[in-house]
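To start, the structure under review is shown below, and the notes come after it.
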Amino acid sequence: MKGYYFKKILSSIFVLFIIISLNFFLPRMIFQDPAQPYYAGVPEDAYALREQIREEYGFNDPLIVQYFDYLGRVFTLDFGESHYYKESVWTVMFSRIPWSMVLTISSTVISITLGIIYGAIAGKRREHTADKALLWLSGVTTAIPSFWLALVSVMLFAFTIKLFPYRGAMTAGYTLTFNMPLFLIAFALCVILAIALRTITKKSLFVFAGIPVSLLAGIIVAVPPADIFDVAYHAALPVMISVFSGTISYALLVRNSMIAVTNEDYILTARAKGLPSSVVLYKHTFRNALLPLITNVGMSMAGLLGGSVLMEKIFSWPGMGQLLLDACNNGDYLLSQAILLLFAVITVVCNFITDLVYHKFDPRVKEV
Amino acid sequence: MKKIISVLLFISLLILMVPSCGRQDKYAESLRVGTTELPKNLNPYSSTASSSTFFVGLFYNTALSSNSVPVGYETGKTFTFPDGSVYTPSDPKINPLAFEDGLLEAEGAFPKQDGSVYGYEYFDPTEEQWKAQCEKESVIFGFDESGNAINETEEEFMERALITVPNKNWMRFRFKVVDGHSWNDGTPFTAEDIKFTFDYIVKHAGSLGSQAYFLTDYHSSEVVDGDFVFILSSNNYTAMKSICNSIVIIPKHIWQTVRNPSKEKNLNPVGTGAYYIKEGDYIEGSTITASFREDYDEKLTKEMFAYEPIKNISVILMSNEDVLINALREGSIDLMMDTVNSSKAYAVKNNSTYDNIQISSVYNSFVSTLLFNVGPYGAFKEGSFNGYSKEIRQAISLCIDQQVLIDEVLHGMGVKVGDGLVQDYYNHAYVDENGNYVYHRTNVEEANALLDKTSYKMDENGSRGITLTVFASPDKEVTVKALATQLKQIGITLEYDQATSTYSEDIKQYNHADFDMIINSVSFTPEQMLMFDARYGVYPSGSPRVFNYSGVIDNDLVAMMKTMEQTANTEEQYKLCREIQKYIADMAIEIPLFSENTITFYSENRYTGWTEAEGSSIWNSYSIRYLHTK
């Protein structure tokens, strides 16, 4: 058992090392002169000025020296300063992460919930209207690119019937008010309450639900209601578009899994035992059918921060996807490297956690 | 039925309720400008993005300014602005570069009049002054075109410095500071701020390179009795124009403590402009709102605005261009800051849904050209094509029909340009002996006749066996294909070679550029006549300059350009410039294709008074002056 974890950790570290190295070398293969973005308007024949800049940013050092310097900075979590934003890379990234999470967490949670419900219904009632509609919709979502759907939705819901706003995370001219001390107090109180309830009731539900509920409570207390409504109003359309394709995707997964599980011997045994059909369905079929969903959700966790680049671009949403796009367009080397590295770390970590969770939920993995 | 009614009621309720979740825009009444990119900082020297330039113009001033001609003005006739005032062009004899007052009175930019202390005069520098300037110049010219340090002996250095820094006939300018200007934090503006700005940029040349480059010919300045006096280490009047017209002046009391100007975000800019940013009005990644200064000088306000100044100007981020256009159509914004290409303008123009979008399409100083590689590694190098390189270039030139290209590539939104590469509305443009502008000439028969005299005869398939490639970025592919169709008429096959991200390096002669032709873009406005040397000149070492993509090395041309640059008399300078244009046209190394218009979209739903100015987008000093609510 310990060996399994050890191997997983080792392979994750190896993957991370490869990613960190690629992160250094790839941009240097794309741009002829890595110092180019730093010249920012310096005339091409002002060689001495350019030389001075190269020297200042260490581009004149041998590549291997630059690489080890980069590794040193990665391990000390020093990503430097974004030359475009003129701020520390960490500051820039942290100002965008919450906005991406607003879109992606809400759309993922809604998609998973709706997807499970719809998938369960479709799986249970094969060849009925709901099932047929699901198969048809999955064809539609596969065929229609999400950015096209987003553009059409903007035209329809924002410009034609003016139901939703077409840009930004808040109404123009407003910024989010966030009271950090209040947030921390509310968060801490909720966590304490969850621990107390877990201790009293011995139910693991309070462990799983404790953190997200505490976060939510903290946000509700720390952000004025007008700001919450404003953000929710602006997030509605992009979230709905993401939810549409997400729900269909998760529903299809659950539906297929349900069908596969229904044919298993243990379901036949359960039925033969004379268990009520609702127990067979929800306790035996449904719970086992959810296993592939764990992998799928785990894999999509990295997307939580990455967001949808195109969606953020269309809705001018100030998230990480838009930030990455801007960083690449403006040759903001240090920022794009840090964002990609963050995505990679999250992916590796999420994969690792998924493996562990799967390992816990499916005893067959242990045997393997 | 009940279910349907319930669903309909629910949807109606949703439609009524959902929009009430949002709130009223703080600056709903402001002039609303949409952009696909908001500046991440408001440092006046750090970005060339259009949105940054937009804000710099609102917050800061330059030492002098110049206004362009309103669109529709015809020489010799009157032009009436929306408020009834009449446009009067500046007299090129007394105001050759069309200067207007900025922070300094324009009078100081002209030769000193009898009895006046303002204006410029020539003088020979002292040995110390000349040596100091040589030392400054060596910072820039101490490296060769590959960026390697030049190891020179003292004699060699002196020889090179003698070429780059003239040791006689320098210029000294004296200006009076315009009354009424102040910094938006209440601090009075003085000539000391201008002196500080120039010296500060020179001191931080490493991080403010693009600005420092303007100051190559700047020697020093001083404040005398409150006036600004500065010395130009040459008699290059256009260098003075760049210095006074391009560098925005920053406050000494703010920036003297800034040790690294390139890292300054400057989110609350302190400037002398009519607008400023209130606390909380810079919202990163969303909106930036500039407000009119309540303390702005009354006299300056009257000079700058014909009507009540617009109180607030909000620039709103809309990352997607199509969303931006629809926001304009729908009335959410009044102006699209970003310029659009002719295809998009054509689509909007021919779609009745977008009828309430106004399109401003005015000329641009840039000219698209077909440039031949005559450098040592290029297809058109000396002796290539069996010695008929020039004849082939001339034939290609004769075959090009600019109007067809303008119609096919630009949907008519462009203008024709003469072989001198300077547009017809400029006073220094190449004209014939009768004073008429010389347009590009198209004559396919003549082109074929010229080629028939070479060893490249037309075969029965209409081919002369010449296949050439045009190395160009993907957005130029349509242009190349249109050119290919035209060149078929003279039996030359043209192929498109898609440029990669290393394009700009690949076409530099010091990288052994081996392309046949490229689609290039050049601009030779009166202020940019230095660009002739940049485009066709050579370094003291004799190799082509970095922007001399054609790789032409012609000592006679170099001498002509040097003489032109050092001629202070504008009329004489223009005459020399015309000779240079004719010389370049005769060499047939760069053929003009067209000049694409600057296209901007705006709306007249809420604001009126938009005025087009030649060479500018619809957001120009005239629009700022005449814009008012309907």
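The values are calculated or read from the model by the stated rules, or taken from the named source; none is laboratory data. Small disclaimer: the values here were computed from a predicted structure and weren't measured. Quick reminder, even Gly has a Cβ in these numbers, built from the backbone with ideal geometry, and neighbours come from all protein chains shown.
Of the listed requirements (1) within 13 Å of another protein chain (Cβ to nearest Cβ); (2) surrounded by 18 or more Cβ atoms within 10 Å (Cβ to Cβ); (3) at pLDDT 80 or above; (4) part of a helix (DSSP H, G or I), A:P98 misses just one: (2). From the list A:G139, A:G80, A:G72, the one residue that fits, being surrounded by fewer than 21 Cβ atoms within 10 Å (Cβ to Cβ) and on the phi > 0 side of the Ramachandran plot, is A:G80. Only a single item in (1) more than 10 Å from chain A (Cβ to nearest Cβ); (2) among the polar types (S, T, N, Q); (3) at positive phi is not met by B:N266, and it is number (1).
Name the residue, out of A:G3, A:G58, that is within 22 Å of A:V348 (Cα to Cα), at pLDDT below 80 and away from chain B (no Cβ under 14 Å).
Values: A:G58 fails: within 22 Å of A:V348 (Cα to Cα).
Just one listed residue meets the conditions, A:G3.
For the range A:67-90, which positions are of a type in the set (S, T, N, Q) and in contact (Cβ under 8 Å) with a residue 24 or more places away in the chain? Please lay out each step first, then the result.
Going through the range A:67-90, the residues of a type in the set (S, T, N, Q) turn out to be A:76, A:82, A:88.
Within the range A:67-90, just A:S82 meets the criteria.
Residue-wise test of (1) within 14 Å of chain B (Cβ to nearest Cβ); (2) more than 23 Å from the chain's Cα centre (by Cα); (3) surrounded by 13 or more Cβ atoms within 10 Å (Cβ to Cβ).
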| residue | (1), (2), (3) |
| --- | --- |
| A:I105 | no, no, yes |
| A:L151 | yes, no, yes |
| A:L163 | yes, yes, yes |
| A:A172 | yes, yes, yes |
| A:T177 | yes, yes, no |
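If you go through the range B:323-336 one residue at a time, do you hit one that is away from every other protein chain (no Cβ under 14 Å) and crowded, with 23+ Cβ neighbours inside 10 Å?
Looking through the range B:323-336, at least one residue is away from every other protein chain (no Cβ under 14 Å) and crowded, with 23+ Cβ neighbours inside 10 Å.
Find the helices (runs of 4 or more DSSP H) located wholly in the range B:161-260 whose residues include 1 or more that are buried (at least 19 other Cβ atoms within 10 Å of the Cβ), touching a Phe, Trp or Tyr at 6+ places or on another chain (Cβ under 9 Å) and away from every other protein chain (no Cβ under 14 Å), and list them.
B:191-203, B:237-246, B:252-255
Per the conditions (1) buried (at least 21 other Cβ atoms within 10 Å of the Cβ); (2) away from chain B (no Cβ under 14 Å), the sole criterion not satisfied by A:V109 is (1). A:T171 fulfils the conditions (1) in contact (Cβ under 8 Å) with a residue 60 or more places away in the chain; (2) assigned to a helix (DSSP H, G or I) except for a single criterion, (2). Assess whether B:Q489 counts as being surrounded by fewer than 16 Cβ atoms within 10 Å (Cβ to Cβ) and closer than 28 Å to B:Q581 by Cβ. Against the criterion (surrounded by fewer than 16 Cβ atoms within 10 Å (Cβ to Cβ) and closer than 28 Å to B:Q581 by Cβ), B:Q489 qualifies. When A:A186, A:A172 are checked against the criterion of being within 23 Å of A:V102 (Cβ to Cβ) and touching a strand residue (DSSP E or B) at 6+ places or on another chain (Cβ under 7 Å), a single residue qualifies: A:A172.
Conditions (1) assigned by TED's automatic domain parsing to the domain that holds A:K313; (2) of a type outside the set (S, T, Y), marked per residue:
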| site | (1), (2) |
| --- | --- |
| A:F187 | no, yes |
| A:L197 | no, yes |
| A:V213 | no, yes |
| A:S249 | yes, no |
| A:A260 | yes, yes |
| A:I267 | yes, yes |
| A:I294 | yes, yes |
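Residue-level analysis places A:V207 among those that are touching a Lys or Arg at 6+ places or on another chain (Cβ under 7 Å) and more than 14 Å from every other protein chain (Cβ to nearest Cβ). Looking across the range B:320-357, the residues that are under 17 Å from A:T171 (Cα atoms) and part of a loop (DSSP other than H, G, I, E, B) come down to B:G331, B:S332, B:I333. Which of the residues that make up the range A:12-48 are of a type in the set (F, W, Y) and either surrounded by 14 or more Cβ atoms within 10 Å (Cβ to Cβ) or modelled with pLDDT under 70 (or both)? A:F24, A:F31, A:Y38, A:Y39, A:Y47 - these are the residues of the range A:12-48 that are of a type in the set (F, W, Y) and either surrounded by 14 or more Cβ atoms within 10 Å (Cβ to Cβ) or modelled with pLDDT under 70 (or both). Considering the range B:298-319, the residues that are within 12 Å of chain A (Cβ to nearest Cβ) and outside any loop (DSSP other than H, G, I, E, B) include one that is surrounded by the fewest Cβ atoms within 10 Å (Cβ to Cβ), namely B:N312.
Checked against (1) under 30 Å from B:Y122 (Cβ atoms); (2) modelled with pLDDT of 90 or more; (3) of a type in the set (S, T, N, Q), B:T600 passes all but a single condition, namely (1). Here is the figure for the range B:366-391: residues that are buried (at least 19 other Cβ atoms within 10 Å of the Cβ) and either touching a strand residue (DSSP E or B) at 6+ places or on another chain (Cβ under 7 Å) or in a loop (DSSP other than H, G, I, E, B) (or both) total 13.
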